[in-house]
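The values are calculated or read from the model by the stated rules, or taken from the named source; none is laboratory data. Just so we're clear, the structure is a prediction, and the values are computed from it rather than from any experiment. Every residue, glycine as well, gets a Cβ built from its backbone with ideal geometry; the counts of neighbours run over all protein chains shown. Calculation scope for accessible area: heavy atoms of the full protein, side chains included, ligands and nucleic acids excluded. Shrake-Rupley method; radii C 1.70, N 1.55, O 1.52, S 1.80 Å.
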Amino acid sequence: MGLIQQEGLPSVNELEIGDAVFDPATPIWHSQFQDVQWVYLLSDDVRFNGRKSSMIDWKGFKQSSRHHKEKYDYCLTEQMVSELKIASAIYAFYPKLFKHSKTSKTTVDGKTVKGRVRELAKIGSYITREEQKDGFSINSFADISFETFKRHAPHIGGRPDHLRRAMRILTSEIVQRNLPRRLALQSSDIDSKSINWSEQSVHEGIGTLSDAQFIFLLNHCKRAISEFKVAINCEIHDRTIANTARKEIVKKFTNVRLPLEYYVWGGGRDEENLQQKYKKEYGYTPGEVRNLYNEAHKASMLIILLLTGMRFSEAQLIRRGALAYADGIRYIVSKVVKRRHEGAPAVDRWIAIPLVEDAHDILNYACEQSGNEYLFSSPTEVVREGGQGYSNLNTTFIRWIKKIDHQGLFNGYKFSVHQCRETLTHQLAKHEVGLPFISKQLKHFHSRFKRMPNEVTAGYGGYKRDLQLSIESRMAIAREEVLTDLFGADKKFAGGGGAQHKYRIDAWFKGAGLFGEQRAKYISRLANSNISLMPTSIGVCTHNFVEKDNGQETPPCYGDFSCDPDCPNHVISEGCSSALKDRQMHAEEKAGESPEQAIIWVGLAEQLGKHVKKFEGGMRDD
């Protein structure tokens, strides 16, 4: 099999014939086999997120009472822990020895191994405890019969696929040969159809931000970035955000670079009466200018997560000066952590639209001043060894969003950085099935993404392919969402054809006897058909070109941005309302740029405004 023996571990031959012996001093990552804690990440690793999450704590699986933060009550015996140690060591360092293994890796990382161990400890602890209630003693995994396992499997809890995956490791032949006692269970038993695995914890995947939440965060971040870059006289790459800065903020904070740097990094915090001095000399306090900077710093991190498609594990590893230019596109370069095959490049590049460049500028400035090496770091000082960045941002963003969300859009909602990437792919999927983008920034991203070579320059990974797969996986949900927006009950419509469209679809569903849940189910089935939509820049065109003179009739309009909002074929749904408002604001801005053409743009803004009024409580985009 071409496997290389790991130093200090049993040989492949010893494992295959079942003669493997794990010496107490056998090295396991940064620990030894005998240790009660197997450490797989040291504190100087950028992925380090505290001691507890960087090791496998074997003692914790033997305790009969759990900490209040522990989700499961573990109670494994000493023998069971010893068996899990053997299985874990083989899985970690010889994954290719497992039958039907699809991995191309020669080793498995500690975090993945820990995940499998936790599932096995949960299974073993549950069965041990339940059998004790009936007077039976479980001392080893070998004491668990197939009938016993089958009886308890539906009640263990958790995701069935995770439980099965873990059990396949313990029951695999390569592990069985090297355990003190063979198990009564076989690998084939785990997939037996006679086991009624509970589906009570079906995993629905990572959720996405709603359109309103996405627009709110995007607008707030654009404003914070624009206001800070104006305040420090830094070039703005995304010209569309320049006018988002509030006039009173721009007027109050001018040339703040030196006052900010003196206060935060120049020893100003130790100076007496600095607040009075700043207020008198600059018109603002040190705390106010620092808050301006902190807002822009958080906004910049969130923009990179929202508009690049990076996972947080990849964003963590962005070093200062990470912008690169290739194939006519600007990129951010970082390392790939997840789903990278051995031998594949350890770096990849992510599209950087102008707003992302602005965000990069601010984070890069922070690193230059603070001494941190990674962009996603403290804005003021080095807090981790080696200038490493944040190990977790969920709490930071949750507190920040709670502070800025005056509309209550996130009430009862738990934000996670993982939702940023999923939100981007969901919005791209909605566009693919016919719903206009809700922001200029997504249009910029889509344009660059389509231009990006499928096979990128040698030395980079598979970012485009990976993101395309994520988009495709959300197409079904996106299609149903778009069709519900067009055909759902109690929906509002604008556009010249909006009223007729609503009358027509309501009459059809009424005639078909489809109401409420039946109507929703029909739309869901329709989403799985090959129905196609003809999107405009602000809605959907319902003109049937095939029926009109066999498709030979001249189209009544030019399409896209030239579509007449009053056209009787033009339907603007609620999901397109943000794009409609975007067009209106664009027209208003153009009216102020050119006096010669003002009358044209004012007329268009008024025309669009009539349709905007048909939607109440909508969000303004850009």
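Cβ contacts < 6 Å: first residue in the same structural domain as A296 (by the TED database), restricted to the range 242-264; second residue open to solvent by 40 Å² or more (accessible area, probe 1.4 Å), any location; separation 6+ or different chain. Result?
Cβ pairs passing all conditions: T244/R223; A245/V230; V250/V230; P259/Y282.
If I ask for residues that are part of a loop (DSSP other than H, G, I, E, B) and either more than 18 Å from V81 (Cα to Cα) or not assigned by the TED database to the domain that holds V81 (or both), which ones from the range 111-144 would you list?
Those that are part of a loop (DSSP other than H, G, I, E, B) and either more than 18 Å from V81 (Cα to Cα) or not assigned by the TED database to the domain that holds V81 (or both): D134, G135, F136.
State all residues of the range 408-447 that are part of a loop (DSSP other than H, G, I, E, B) and open to solvent by less than 40 Å² (accessible area, probe 1.4 Å); if no residue qualifies, say none.
G408, F410, F415, S416, V417, V433, G434, L435, P436, F437, I438, S439
Is one or more of the residues making up the range 272-293 closer than 18 Å to N364 by Cβ, within 26 Å of the chain's Cα centre (by Cα) and assigned by the TED database to the domain that holds V417? Give the derivation first.
From the range 272-293, those closer than 18 Å to N364 by Cβ are 292-293; that's our starting set.
Those still in the list that are within 26 Å of the chain's Cα centre (by Cα) too: 293.
From what is left, the residues that are assigned by the TED database to the domain that holds V417 are 293.
The answer is yes, given that some residue of the range 272-293 is closer than 18 Å to N364 by Cβ, within 26 Å of the chain's Cα centre (by Cα) and assigned by the TED database to the domain that holds V417.
Per-residue answers, yes or no, for (1) at pLDDT 95 or above; (2) touching a Lys or Arg at 6+ places or on another chain (Cβ under 6 Å); (3) within 30 Å of P95 (Cβ to Cβ):
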{"site": "R339", "(1), (2), (3)": "no, no, yes"}
{"site": "P345", "(1), (2), (3)": "no, no, yes"}
{"site": "W350", "(1), (2), (3)": "no, no, yes"}
{"site": "Y390", "(1), (2), (3)": "no, no, no"}
{"site": "F397", "(1), (2), (3)": "yes, no, no"}
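From the list G328, G268, G309, G321, which residue is of a type in the set (G, A, S) and over 27 Å from the mean Cα position of the chain (by Cα)?
Details: G328 fails: over 27 Å from the mean Cα position of the chain (by Cα); G309 fails: over 27 Å from the mean Cα position of the chain (by Cα); G321 fails: over 27 Å from the mean Cα position of the chain (by Cα).
Exactly one residue qualifies, and that residue is G268.
Filter the range 38-63 down to residues that are touching a Phe, Trp or Tyr at 6+ places or on another chain (Cβ under 8 Å), open to solvent by 60 Å² or more (accessible area, probe 1.4 Å) and closer than 23 Å to Q79 by Cα, then give me how many there are. Quick ask: steps written out before the conclusion?
Initially, the range 38-63 is screened for residues touching a Phe, Trp or Tyr at 6+ places or on another chain (Cβ under 8 Å), giving 38-42, 46, 54-56, 58, 60-63.
Imposing the further condition that a residue be open to solvent by 60 Å² or more (accessible area, probe 1.4 Å) reduces the set to 42, 62-63.
Those still in the list that are closer than 23 Å to Q79 by Cα too: 62-63.
So the count comes out to 2.
Hey, could you check the range 76-116 for residues that are touching a residue at least 12 places away in the same chain (Cβ under 8 Å) and among the basic types (K, R) and say which is nearest to A166 (Cα to Cα)?
Looking at the filtered set, the residue picked out is R116.
Spot the failing condition for Q500; the list is (1) of a type outside the set (A, V, I, L, M, F, W, C); (2) in a helix (DSSP H, G or I); (3) open to solvent by 40 Å² or more (accessible area, probe 1.4 Å); (4) more than 21 Å from V612 (Cα to Cα), and only one is missed.
(4)
Kindly indicate which of I190, I206 is open to solvent by 70 Å² or more (accessible area, probe 1.4 Å) and among the β-branched types (V, I, T). Lay out the reasoning, then the answer.
Details: I190 fails: open to solvent by 70 Å² or more (accessible area, probe 1.4 Å).
So the residue among I190, I206 that is open to solvent by 70 Å² or more (accessible area, probe 1.4 Å) and among the β-branched types (V, I, T) is I206.
Mind listing whichever residues of the range 362-405 are aliphatic (A, V, I, L, M) and under 24 Å from K222 (Cβ atoms)? Step through it out loud before you land on a result.
Going residue by residue through the range 362-405, those that are aliphatic (A, V, I, L, M) are 362-363, 366, 375, 382-383, 393, 398, 401, 404.
Matches in the range 362-405: I362, L363, A366, L375, L393, I398, I401, I404.
Within the set of pairs 6 or more residues apart or between chains, which connect a residue that is in the same structural domain as L306 (by the TED database) and within 18 Å of H418 (Cβ to Cβ) inside the range 393-406 to a residue that is of a type in the set (K, R) and surrounded by 11 or more Cβ atoms within 10 Å (Cβ to Cβ) with Cβ atoms less than 8 Å apart?
These pairs meet every condition: T396/K298; F397/K298; W400/K298.
Which residue, of T171, T128, T107, T148, is open to solvent by less than 60 Å² (accessible area, probe 1.4 Å), closer than 30 Å to R421 by Cβ and of a type in the set (V, I, T)?
That would be T107, the only listed residue that is open to solvent by less than 60 Å² (accessible area, probe 1.4 Å), closer than 30 Å to R421 by Cβ and of a type in the set (V, I, T).
From the residues in the range 568-618 that are among the polar types (S, T, N, Q) and surrounded by fewer than 18 Cβ atoms within 10 Å (Cβ to Cβ), which one is nearest to G488 (Cα to Cα)?
Result: Q607.
For the range 313-330, what are the residues that are in a helix (DSSP H, G or I) and modelled with pLDDT of 90 or more?
Within the range 313-330, the subset in a helix (DSSP H, G or I) is 313-315.
The one that is in a helix (DSSP H, G or I) and modelled with pLDDT of 90 or more: A315.
Quick one: in the range 21-34, of everything that is buried (at least 17 other Cβ atoms within 10 Å of the Cβ) and more than 33 Å from the chain's Cα centre (by Cα), which residue is farthest from D109 (Cα to Cα)?
My answer is F22.
Among the residues of the range 108-124, what is the count of those that are touching a strand residue (DSSP E or B) at 6+ places or on another chain (Cβ under 9 Å) and within 15 Å of Q79 (Cα to Cα)?
Number of matching residues: 1.
Quick check: anything in the range 552-568 modelled with pLDDT under 80 and farther than 23 Å from Q500 by Cα?
Step one: of the range 552-568, the residues modelled with pLDDT under 80 are 552-563.
Imposing the further condition that a residue be farther than 23 Å from Q500 by Cα reduces the set to 552.
Yes, because at least one residue in the range 552-568 is modelled with pLDDT under 80 and farther than 23 Å from Q500 by Cα.
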